[in-house]
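Engineer: The structure that follows is given in the form of structure tokens.
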Amino acid sequence: SPICIDPNRSVWLECQAMDSNSVWEWRIVSDSLQEPGTSSSAHVVGKLAFLSGQDEVKQQESEFMRLERLIGHQRCVDLLNTTEADDIIQGRNIYTTFAGVVDYGEQYRGLKKIVGKGLESAGRVQKKPSEESWLDAHLGDCFSQVGGIWVNCMTDHNPDDMFIATGFEKWVRSPALRHGQPRPEIWDVLACHHRSSEQTYLSDIFIFDAE
């Protein structure tokens, strides 16, 4: 359930170490200040894994090299520039079209173009990264929109229905990224979609420095 502004509730981040301190399970919960313990709500749950040591770094580097060979930035660029797209939305029309599902605030409006063809979509994201943390929630949401806007605006489904993102299985950064390094302000994003049921899509999203 979403976390809404409510001065009558307290919000907590609960963490628990698993078999080793390198893997933690966590959840964000809220509770009533007037009657603690009577109306606890869980808003998000997850698992966080910290990797260390050269062997694990090499394993991550090998995984990314394999993905680069299989997917590749050029595949994303080709879809962005194709003249045979099923749908193309760009500029302010993106968030006008999507407003019936989600009315995004300005800090979430980084997607400048989205192209759909078959079960793939590609997007161009332009947004200055946050300098407060390596985990940039607004930028990350813009990446996810390449899947969310495609499934809600570029697929055939009942107009009275909407698809809501309920989570992600795994989010991995390239081991080539180092703390303190300048990050790009323009990104190319490729999303490959699979309809796992009548009510569910599963998307794999690949993010590239546009240069």
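The values are calculated or read from the model by the stated rules, or taken from the named source; none is laboratory data. Since the structure is predicted, the reported quantities are computational estimates derived from the model, not experimental observations. Cβ coordinates were reconstructed from backbone atoms using ideal geometry, including for glycine residues, and neighbour counts include every protein chain displayed. Quick note on the areas: whole protein, heavy atoms, side chains included, nothing else; ligands and nucleic acids left out. Shrake-Rupley method; radii C 1.70, N 1.55, O 1.52, S 1.80 Å.
Engineer: Looking only at region 174-211, which residues are surrounded by fewer than 13 Cβ atoms within 10 Å (Cβ to Cβ) and over 29 Å from Val101 (Cα atoms)?
Structural biologist: Ala176, Leu177, Arg178, His179, Gly180, Gln181, Pro182, Glu211
Engineer: Restrict the check to region 162-173 and report whether at least one residue is more than 30 Å from Glu56 (Cβ to Cβ) and open to solvent by 50 Å² or more (accessible area, probe 1.4 Å). Show your work before the answer.
Structural biologist: The first filter runs over region 162-173 and keeps only residues more than 30 Å from Glu56 (Cβ to Cβ), leaving 162-164.
Add one more test, that the residue is open to solvent by 50 Å² or more (accessible area, probe 1.4 Å), and what stays is 162, 164.
The answer is yes; a qualifying residue exists.
Engineer: Residue by residue through region 94-116, note down the ones that are in contact with a strand residue (DSSP E or B) (Cβ under 8 Å, 6 or more places away or on another chain) and open to solvent by 30 Å² or more (accessible area, probe 1.4 Å).
Structural biologist: Those that are in contact with a strand residue (DSSP E or B) (Cβ under 8 Å, 6 or more places away or on another chain) and open to solvent by 30 Å² or more (accessible area, probe 1.4 Å): Thr97, Lys112, Lys113.
Engineer: Would you pick out the residues in region 178-211 that are assigned to a loop (DSSP other than H, G, I, E, B) and either without any contact (Cβ under 8 Å) to a residue 12 or more places away in the chain or within 18 Å of the chain's Cα centre (by Cα) (or both)?
Structural biologist: Pass one, region 178-211, residues assigned to a loop (DSSP other than H, G, I, E, B): 178-185, 198-199, 210-211.
If the condition is that a residue be assigned to a loop (DSSP other than H, G, I, E, B) and either without any contact (Cβ under 8 Å) to a residue 12 or more places away in the chain or within 18 Å of the chain's Cα centre (by Cα) (or both), then Arg178, Gly180, Gln181, Pro182, Arg183, Pro184, Glu185, Glu198, Gln199, Ala210 are the ones that fit.
Engineer: Here is a follow-up. Given Trp134, Trp150, which one is open to solvent by 80 Å² or more (accessible area, probe 1.4 Å), touching a residue at least 40 places away in the same chain (Cβ under 8 Å) and within 18 Å of Phe168 (Cβ to Cβ)? Let's see the steps before the verdict.
Structural biologist: Numbers: Trp150 fails: open to solvent by 80 Å² or more (accessible area, probe 1.4 Å).
Of Trp134, Trp150, the one residue that is open to solvent by 80 Å² or more (accessible area, probe 1.4 Å), touching a residue at least 40 places away in the same chain (Cβ under 8 Å) and within 18 Å of Phe168 (Cβ to Cβ) is Trp134.
Engineer: So Pro129 ticks every box in (1) of a type outside the set (Asp, Glu); (2) within 20 Å of Tyr108 (Cβ to Cβ); (3) in contact (Cβ under 8 Å) with a residue 40 or more places away in the chain; (4) not in a loop (DSSP other than H, G, I, E, B) but one. Which box is left unticked?
Structural biologist: (4)
Engineer: Please indicate, with yes or no, whether at least one residue in region 121-128 is of a type in the set (A, V, I, L, M) and at pLDDT below 95.
Structural biologist: no
Engineer: Return the pair list, or none, for Cβ contacts closer than 6 Å from residues in region 67-93 that are open to solvent by 40 Å² or more (accessible area, probe 1.4 Å) and among the small types (Gly, Ala, Ser) to residues that are modelled with pLDDT of 95 or more and in a strand (DSSP E or B), at least 6 apart or on different chains.
Structural biologist: none
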